[in-house]
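Step one of this worksheet: look at the structure below.
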């Protein structure tokens, strides 16, 4: 393997135990140079533990971490070619912006004029020229964010770790920073490893995403893979919204299945790559936007799953508006409300029909029961 | 409208009364115990005794102090020893506070903090006697040294400057640890980690991040410890020897032994000026303000 194709970061069988509990359980992944990799998972799933092990603040119980092919297990955090943007940024409040950014350079023993030049350069790159003399608390949330990234990038690390840095920002700014972070990553051309519990951050910014749950990676792939082809029930439920039913397989033709839910609905679904036999307990996930809404059943004739019911609730939220449709038995189905105007008159209690094609129903073997 | 204005006025009057009531103890304390005695002391210090029951107003008492070498030497010695005691207390208390604030968590932390506090449940007199029991000729340490064969006869460790220093540092510990723990506690762990992450080593993080952050605590702790040492009477008297004169002892002897209240009052004022000057100088040197360190 030549140096250029060597991944920037490789974790191999990474494991961390705290006493009897396993925080990270045999996780392996590699991040190619210059890409944006996200670890997505609910809080407490072990993603922060992975990040702290890569940064060097925690020692793994087992496994190896390699940066550009070289194991860094014996390298202390202040010598690793990895820098981290902390959750609350951890800018040094006792220094001004230029000293904050120059801190790492001073530790490397660079001369004063060179530090000043590099600091100015990086301030230009993050679009905040001339703020070097300001104090940390004079900056806005978004500016602090960029300074925290600049403080790391000025050291030209092989890998930049970001620990939910957008968590403290308000919604509008967070949306803006998502785009900006992606642009900064492209501008610096550095490998970013980003951890978050917010699926939209991960989906928008990442080249590849790993979904993590209870110390393990459930699935690794592009945003599209995770969204359209979830491989586990956890991923199907965690990434994006989904209607979720439990039931029993009543018919199986290859990958196509027919499932009778506990509430009595008959649903079609598919289970690519997973074997489910007649009589097995199964879970079916259908995304609200994959379901068609219609006022008469004839419009849905081409769908193999059709349900009739009435409007139980309308959840208006602009472009993301939803309708909750209740069928005769009372089971509720969440459906995205098209904003093309044809359902503008929809109101509570009106009879409606919903339908979707079998490929949209992702089936998984039900856990436990 | 009229009615509402009336209510507002009444509310304002009520607030005013509340403020006066809240301030009363403070004002009483300040005026009765601080301001009035000091005015009286100041006037007293300006009285020169020219004969029996004959007094003149002048700076004679102050010129006596400035021209008498013993007074000035004691004055300077007290100041130097207090500064040294403050520095030693800071040196010992800083690692202790850092350990309590940053290294231990939960129960162990409150236990450690309590252990710093426990000695102060005993009166200062008893604590100082404790040191005497340890350090005297027939004391525990002397006995241990003889038993171990390190000393041929009884060793006297009391009655010198070192024993005063030990006593002063011990007495002042808590007053340094409390403000330091408070300020160090407010330093986010992530900031220290960020320092390491960006290539900092232990000493450089201490110098560039921890100490600048803890500066208000260091200064306020140092001011309190310095004042306490400067004005301490018990420790120098009990642990110090004949050569270890402390300025407070001289004030005491002028007032009580020599019955020379005029000179004693002048001594008192000299001490007040000295401590104010040194505190002001320290604040200027460290770039701190009184509001920042006490707030």
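Readers should treat all values here as calculations from the given coordinates under stated rules, not as data from a laboratory. Computed from a predicted structure; not experimentally measured. All Cβ positions, even for glycine, are placed from backbone atoms using ideal geometry, and neighbour counts span all protein chains on display.
Taking only Cα atoms of the protein assembly as shown, what ratio of Rg to Rh do you get with Rh as the Kirkwood inverse-distance radius?
On the Cα set of the protein assembly as shown, Rg over Rh gives 1.16.
What percentages, rounded to whole numbers, describe P(r) for the stretch A:269-369 computed over all alpha carbon pairs with 10 Å bin width beginning at zero?
Once binned at 10 Å, the Cα pair distances of the stretch A:269-369 give 15, 43, 29, 12, 1.
Which value results for Rg/Rh of chain B when Rg is the Cα radius of gyration and Rh the Kirkwood radius based on the inverse mean 1/r?
On the way: Rg = 24.8 Å, Rh = 23.0 Å.
So for chain B, dividing Rg by the Kirkwood Rh gives 1.08.
Name the most mobile residue of A:301, A:55, A:290, meaning the one with the largest mean-square fluctuation, in a Gaussian network model of chain A with Cα contacts below 10 Å.
Of A:301, A:55, A:290, the most mobile in the Gaussian network model is A:301.
Using a 7 Å offset from the Cα along the Cα-to-Cβ direction at both residue A:251 and residue B:34, what is the distance between the two label points in nm, to one decimal?
Here the modelled spin labels are 9.1 nm apart.
With both partners inside the stretch A:3-234, how many of the DSSP beta bridges are antiparallel, as a percent to the nearest 5?
55 percent
What Kirkwood radius, in Å to one decimal, follows from the Cα pairs of the stretch B:145-185?
13.0 Å
Sort out for me the Cα centre separation of the stretch B:237-295 from the stretch B:2-62, rounded to whole Å.
One Cα centre to the other: 23 Å.
To one decimal place, what orientation-averaged projected area in nm² is obtained for the convex hull of the Cα set of the stretch B:93-196?
9.3 nm²
Given springs between every Cα pair under 10 Å in a Gaussian network model of chain A, which of A:99, A:124, A:26 has the largest fluctuation?
A:124
Rounded, prolate or oblate: which fits the stretch B:1-107 when a ≥ b ≥ c are the square roots of the eigenvalues of the alpha-carbon gyration tensor, with rounded for a/c under 1.5 and prolate only if a/b beats b/c?
oblate
Picking from A:66, A:287, A:348, which is most flexible by a Gaussian network model of chain A using Cα springs under 10 Å?
Sorting by GNM fluctuation, first place goes to A:348.
Give the dimensionless ratio obtained when the Cα radius of gyration of the stretch B:54-144 is divided by 2.2 N^0.38 Å. Working shown, then result.
Numbers: Rg = 21.4 Å, N = 91, 2.2 N^0.38 = 12.2 Å.
In units of the 2.2 N^0.38 Å rule of thumb, it is 1.76.
Once you compute Rg and the Kirkwood Rh from C-alpha atoms, what is the Rg to Rh ratio for the stretch B:160-277?
Value, to two decimals: 1.18.
For the protein assembly as shown, what does -39500 (n - 2.57) per DSSP helix run (n ≥ 4), summed and divided by total residues, give at 222 nm, in deg cm²/dmol to the nearest 500?
When only DSSP H runs of four or more count, the value is -14000 deg cm²/dmol.
Sorted from largest down, give the three principal axis spans of the alpha carbons of the stretch A:98-224, whole angstrom values.
Over the stretch A:98-224, Cα extents along the principal axes are 49, 30, 24 Å.
Using the count of nearby Cβ atoms within 10 Å as a rough guide to exposure, how do B:164, B:211, B:205 rank from fewest to most?
Listing B:164, B:211, B:205 from fewest to most nearby Cβ atoms yields B:211, B:205, B:164.
Jot down the per residue volume, in cubic angstrom and as a whole number, of the convex hull over the alpha-carbon atoms of the stretch B:213-295.
Hull volume over Cα atoms, normalised by residue count, gives 112 Å³.
In whole Å, how far is the Cα centre of the stretch A:321-359 from that of the stretch A:249-318?
13 Å
Taking 2.2 N^0.38 Å as the expected size of a compact globular protein, what ratio does the Cα radius of gyration of the stretch A:28-131 give against it, to two decimals?
Here the answer is 1.28, to two decimals.
Using a ≥ b ≥ c from the Cα gyration tensor of the stretch A:91-167 (square roots of the eigenvalues), is it rounded, prolate or oblate, where a/c under 1.5 gives rounded and otherwise the larger of a/b and b/c decides, a/b for prolate? Numbers along the way, then the final one.
Numbers: a/c = 1.62, a/b = 1.20, b/c = 1.35.
Oblate, since a/c reaches 1.5 and b/c is not below a/b.
Using alpha-carbon pairs under 8 Å, 6+ residues apart, how would you state the relative contact order of chain B in percent?
About 24 percent, as a whole number.
Pull out the extension gain between residue B:117 and residue B:88, defined as 0.36 nm times the separation in residues minus the alpha carbon to alpha carbon distance; nm, one decimal.
Here the answer is 8.6 nm.
If you build the convex hull over the alpha carbons only and average its shadow over all orientations, what do you get for the stretch B:180-220? Give it in nm² to one decimal.
2.6 nm²
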